Amino acid sequence: MIKFLDLERVNNRFRSEIDARIKSILDSGWYLQGEWNKTFESNFAKFCGVKHCIGCANGLDALKLIIRAYGYGEGDEIIVPANTYIASILAITENGCTPVLVDPDINTYNINPDLIEEKITEKTKAIMVVHLYGQAVRMDKIWALAKKYNLKIIEDSAQAHGSVYQGKKAGNLGDASGFSFYPGKNLGCMGDGGCVTTNDDELALKIRAIANYGSDRKYHHIYKGINSRLDEIQAAILDVKLQNLDSDNTRRREISKYYRENIKNPKIILPNVYDEKAHVWHIFAVRCENRDELQKYLEEKGIQTNIHYPVPPHKQGAYVEWENKCFPVSEEIHKAELSLPISPVLTN
């Protein structure tokens with residue numbers, strides 16, 4: 001059986017160092033907001049090329065914290081791709097804001113920059129870009145629109161750890177970015193985890209306080225906050241794996257290149273890549289009209305696959321008010337997408 005993702009093999013490469021760090025944390029008696037958090041936050045900020053990294057409980061919280069720290073709420077609109085994972089949209093509605101869905105580019109699966117301006121209104125506060133499947137969004141037109149209409153750019157970088165656009169990494173392409181460290185990510189912990197990256201000093205302080213019960217110092221609460229923290233064990237694990245992230249992404253690119261050069265079936269549409277450095281291949285997404293038949297065939301051959309994602313957000317029960325909306329490009333992708341195995345431990 002070829003697993004879609006063999007997390008045991010992925011993590012066993014770091015077993016001895018992870019074991020040693022966990023033992024040191026257990027021995028220390030300090031499990032939250034300690035030295036490993038500081039170390040990982042500093043190292044991940046340097047990796048992304050930003051001034052600040054604030055650890056939190058998960059990727060959804062990271063996006064929620066950004067929107068909350070900006071003070072957006074009822075009546076405010078945030079533009080977001082229609083084909084994203086639902087977490088991007090949940091972060092918007094959780095803050096009382098209105099998501100304004102935009103169809104993606106069929107070639108990149110990312111938000112189509114040419115369709116954004118027509119969706120901007122006087123209520124629009126931000127554009128949320130999602131670097132879907134690991135490929136950085138082409139940002140030029142989005143930067144220009146944000147400047148023209150005085151909008152913030154919020155990155156959902158949950159699938160794009162290490163992807164590069166014009167010399168800058170995901171997490172440093174907007175005003176603030178949310179990352180997920182879910183175990184299956186290119187940089188994943190052994191549980192839930194996330195962070196926010198930004199160059200905005202004031203925003204960073206506010207997010208750190210809101211995530212800690214709204215407290216800027218002990219028993220002093222300046223915001224109506226939440227509890228969203230990255231624990232010491234997960235921070236220590238992430239710091240070990242961060243050292244290998246660039247080489248892991250290189251291996252993913254090698255596998256992707258092999259797939260793209262050797263899958264010749266005309267019924268399978270391969271992913272389009274505008275720049276090899278821009279894609280870190282969290283997901284190798286193909287499209288096939290007979291997707292379910294193809295998935296069954298591969299399963300019979302002992303190859304696990306996955307679907308990202310079978311039902312688009314506007315067709316989910318959580319957003320029943322959108323059931324009559326139509327986003328044809330998004331729907332085409334969701335109907336035909338199939339994810340093939342790709343990870344740094346997949347053998348030739």
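The values are calculated or read from the model by the stated rules, or taken from the named source; none is laboratory data. Keep in mind that what you see is a predicted model, and the values were worked out from it rather than measured. Neighbour counts run over all protein chains shown; Cβ positions are idealised from the backbone, glycine included. Heads up: the accessible areas ignore ligands, DNA and RNA and are worked out on the full protein's heavy atoms, side chains in. Shrake-Rupley method; radii C 1.70, N 1.55, O 1.52, S 1.80 Å.
Numbers for the structure displayed
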quantity	calculated
Test: residue 328 is within 24 Å of the chain's Cα centre (by Cα) and loosely packed, with under 13 Cβ neighbours inside 10 Å	yes
Residue 203 vs. criteria touching a residue at least 24 places away in the same chain (Cβ under 8 Å), surrounded by fewer than 21 Cβ atoms within 10 Å (Cβ to Cβ), closer than 24 Å to residue 15 by Cβ and among the hydrophobic types (A, V, I, L, M, F, W, C)	no
From the options 81, 99, residue that is open to solvent by 10 Å² or more (accessible area, probe 1.4 Å), under 18 Å from the mean Cα position of the chain (by Cα) and farther than 18 Å from residue 193 by Cβ	99
Options 170, 176, 126: the member that is farther than 19 Å from residue 77 by Cα, surrounded by 24 or more Cβ atoms within 10 Å (Cβ to Cβ) and either more than 10 Å from the chain's Cα centre (by Cα) or modelled with pLDDT of 95 or more (or both)	170
Helices (runs of 4 or more DSSP H) contained in region 214-314 and holding at least 3 residues within 30 Å of residue 27 (Cα to Cα)	232-242
Tally, over region 269-294, of residues that are surrounded by 18 or more Cβ atoms within 10 Å (Cβ to Cβ) and of a type outside the set (Gly, Ala, Ser)	11
Count of region 36-65 residues which are in contact with a helix residue (DSSP H, G or I) (Cβ under 8 Å, 6 or more places away or on another chain) and either in a loop (DSSP other than H, G, I, E, B) or open to solvent by 20 Å² or more (accessible area, probe 1.4 Å) (or both)	9
Residue 68 vs. criteria open to solvent by 50 Å² or more (accessible area, probe 1.4 Å) and over 25 Å from residue 197 (Cα atoms)	no
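Per-residue answers, yes or no, for (1) under 24 Å from residue 54 (Cα atoms); (2) open to solvent by less than 10 Å² (accessible area, probe 1.4 Å); (3) not small (Gly, Ala, Ser):
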residue: 114; (1), (2), (3): no, no, yes
residue: 121; (1), (2), (3): no, no, yes
residue: 165; (1), (2), (3): yes, no, yes
residue: 188; (1), (2), (3): yes, yes, no
residue: 194; (1), (2), (3): yes, yes, no
